[in-house]
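Scroll down for the structure; my scribbles are underneath it.
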Amino acid sequence: MDSDLFITFVLHHRGKFLRDGKGVLIYDNEEIDVWEDVDPDNAAPWLERDLAKQHGYRDFKEVWWHNKQFNLEKGLRLLKEDADVRDMCMIARQFYYEAYIYFEHQVDVPVFSKTAQAKRV
């Protein structure tokens, strides 16, 4: 396949969705990783979920992509089905062949052993 058709996945993770002081939706305190040369013909919802697992997420709420034609709030789209991936890759071609993916993850609740709990008392 022609490398001009490959997509770059820009993965935003370890952050959280919140509103800034002006009420604008942002993804705050994030880390960003980049996966280059993703063949859109081989991209599927399971690929994004595998990416989440590779970043240490066992449980996550959702995977979203940002339709860059809109601001973050209006442009967030759920990434669940093949049609979602096709739409994401089509829009990415209009924006420097980059697809922006956001992970909405569960916050891990620490589990303390009985020994650790005894020391905390």
Q. Of the residues that sit in the range 1-31 and are exposed (fewer than 12 other Cβ atoms within 10 Å of the Cβ) and part of a strand (DSSP E or B), which one is modelled with the lowest pLDDT?
A. Glu31
(Q) I'm trying to understand the selection: among the residues of the range 19-29, which are under 15 Å from the mean Cα position of the chain (by Cα) and without any contact (Cβ under 8 Å) to a residue 40 or more places away in the chain? (A) Asp28, Asn29
Q: Spot the failing condition for Pro40; the list is (1) part of a strand (DSSP E or B); (2) within 11 Å of Tyr97 (Cβ to Cβ), and only one is missed.
A: (1)
Q: Quickly run through the range 56-71 and pick out the residues that are modelled with pLDDT under 90 and surrounded by 15 or more Cβ atoms within 10 Å (Cβ to Cβ).
A: Tyr57, Phe60, Val63
**Q.** Enumeration of residues in the range 86-100 that are hydrophobic (A, V, I, L, M, F, W, C) and out of contact with any helix residue (DSSP H, G or I) (no Cβ under 6 Å at 6 or more places or on another chain)
**A.** Met88, Cys89, Met90, Ile91, Ala92, Phe95
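The values are calculated or read from the model by the stated rules, or taken from the named source; none is laboratory data. Since we're looking at a predicted model, the values are computed, not measured. Ideal geometry is used to build each Cβ from the backbone, glycine not excepted, and the neighbour counts take in all protein chains shown.
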